[in-house]
1. Can you work out the accessible area per residue across the stretch 1-123, with the rest of the protein chains kept in place, probe 1.4 Å, in square angstrom?
2. Collect residues whose amide H, placed 1.01 Å from N in the peptide plane, falls under 5 Å from the amide H of Leu337; neighbours closer than 5 in sequence don't count.
3. Under a 5 Å amide H to amide H cut-off, with H placed in plane at 1.01 Å, what residues pair with Ser171 once short-range neighbours are removed?
4. What are the ³J(HN,Hα) values, in whole Hz, obtained from phi via the Karplus relation 6.51 cos²θ - 1.76 cosθ + 1.60 with θ = phi - 60°, for each residue of the stretch 31-46 in sequence order, with x given for Gly and Pro?
5. Explain nothing, just the number: relative contact order of the stretch 1-124, from Cα pairs under 8 Å at least 6 residues apart, as a whole percent.
6. If we count every other residue with Cβ under 11 angstrom of Leu456's Cβ, Lys/Arg +1 and Asp/Glu -1, where does the sum land?
7. For the stretch 432-441, what does the Karplus curve 6.51 cos²θ - 1.76 cosθ + 1.60, with θ = phi - 60°, yield as ³J(HN,Hα) per residue in whole Hz, taken in order and with x for Gly and Pro?
8. How much accessible area per residue does the stretch 127-244 have, counting only protein heavy atoms and a probe of 1.4 Å, in square angstrom?
Amino acid sequence: MALEQFSDVVQRCQGLPDDSYTSEDHDVFTIAGRSCIAEGNSTQVLSVVLDEKNQDIVRCLGWNLLPSLIKVLLKKEEKSLPQCLAIFNHLLEVCSPKELLIGLLEQLEQDDPDTIAESLHLLLNPLQKVLLCLGTRKASSLGMTLSSVLDQVAKLPLPHTKEQEEDDVFSLCRCCTSLISFVRPFVQEAKQNLLSSEELSESTNKVAGVEDELRTELLKFCMKTLSHPLLELQLKDPDTLAVSPLRDFASEILDTLSAIREPLPSLVFRPLLKRKQVPGFLEQEVRYPKESLASLAHLLFVHHMATDTFPNVFRSVLSITQELYEKSLVRLEDGSLPADLLEIKTFLTVPQVSPLLVHANFSLKVFQMSIDKFDTEAKYSFFQYMLKTSNHSGVEGYIIKNIKSQIDLALQPGNGNAWFEGAHLLPLLRQVLSLPDGPETDLLQYLDRVMESLNLLRYLVIRDKVTENQTGIWTELYKIEDTFLKPLRVGLNMSRAHYERELHNIKETKKGKAKEESVLSVSVGDEKLPKMTPESQIQALHSALHTFDMMESVLVRLEELIEGNNNV
């Protein structure tokens, strides 16, 4: 039955333009195709997918087959494995990289450690291939991918003994090795970008106006890996373990920092130096988290890695002390602070002085520790307060990520609570699933908040079934569509049109200007971009447009999930 439906819809759509496919065509292709693969009819699906007459519909809708294909590939079902692998590889060749990226990242999320390792091993190479197809506008997509991958790596147990690392009993070594191979071409590209920028500066006597976004995402990646897993690992010295994949991983991270022009001596002594503002990114404590710098110091001065990068005068052991606030938090049990304490001003103001805010003095780790010490009701109240008062997209995105974790915990069997499901949850969701300025919201400024909100809503739609509705999301959905999804769609269209117009204006201006007048100043909204060459302006605007494309891809996927559940 499924095979017949799949063949019929493909045959019916032959020769039709992409925008002629109906929602019914989409649903039948997806449901029937997945059923065919699950039922073992992958040989017939492969024949259909490879048929030259069917390439248009495969190019447009084929990525929807990824869930069933990846399930077979992870289970390594011998009967269907060669055919499913051939289908998978063909889709990677012909489908849209943006849609493939969303589809692959959705399948990356696993909970079982064994499945996590197999999933990473299977999907990292395809993800790398898809990202490389995005050309110069891949930075935000790479950042999203690395964040998802590291979230999965964080779920793996850490080896504590020499034997556990040698046998790689938890597959962490394998994942770390694969991760380094995955990131290597992007490091090389960032190095080349830096060299090209230097050459341009030398030839024009101008300083580059914007920081390379690819370099920024790689810096985030390095800082996050220094925090986890490297901060918590007990690396073995060469005398104890001659071949150590985890030590090699740490060394590669240090090499990556050097490659993207983050000098290790400057990083490790950064807490002792006067702060400087870095425009266009995050505050210093987020850009260079204290726990990451502490981990770096440990690698350099205890394990003596990359010591050749230091002047002799600095080659001494760095003593890193903990803040009094952090010490007091360590003594408390998680979930031990009741909501009543939030009436004391200190319990609201101290956590805000976090790495996510201006003039921060506490690390991101301490901020999370503060949240962990509150009980469930206190967490709920604290999240409400922070969403209302922070006025900072990075903070709000981090809070929304914590809200998702609390909801996930509440939905686990036996863990239900009154604050993160049902009636109490809905006011919090209304705060999250809204745009600060409606359709006129600056989507680049609020990128962290918007993306985390979309990810939370996507999680709720997938996790909480219509028939169960534990969170109340399905009774609230019509309001969310009016206050969040529809304004976001309008805002995306407005933002894209505005940036496309600016891009057109720059290209026209570039054509009409003489070579000696090759430095421009362009306004986007009410703000002027730094003076830079037309090529740099064009690259910056292309990057913004790509960010809107990625946001829309997630939005479209979410709308499809909602429609699919409504039709059940």
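1. Details: 5790 Å² over 123 residues.
In whole numbers, the stretch 1-123 has 47 Å² accessible per residue.
2. Distant-sequence amide H within range of Leu337: Phe374, Asp375.
3. For Ser171, no residues qualify.
4. 5, 5, x, 5, 5, 4, 5, 5, 8, x, 9, 5, 4, 5, 5, 4
5. Working: 126 pairs, mean separation 29.8, N = 124.
Result for the stretch 1-124 is 24 percent.
6. On the way: positive: Lys401, Lys404, Arg449, Arg458, Arg463; negative: Asp408, Glu452.
Here the count lands on +3.
7. 6, 8, 8, 9, x, 10, x, x, 7, 4
8. Result: 46 Å² per residue.
The values are calculated or read from the model by the stated rules, or taken from the named source; none is laboratory data. As the structure is a computational prediction, the values presented were derived from the model and not from experiment. All Cβ positions, glycine included, derive from the backbone under ideal geometry; neighbour counts span all protein chains shown. The protein model used for the area step is the full one, side chains on, heavy atoms only, and it has no ligands, DNA or RNA in it. Shrake-Rupley method; radii C 1.70, N 1.55, O 1.52, S 1.80 Å.
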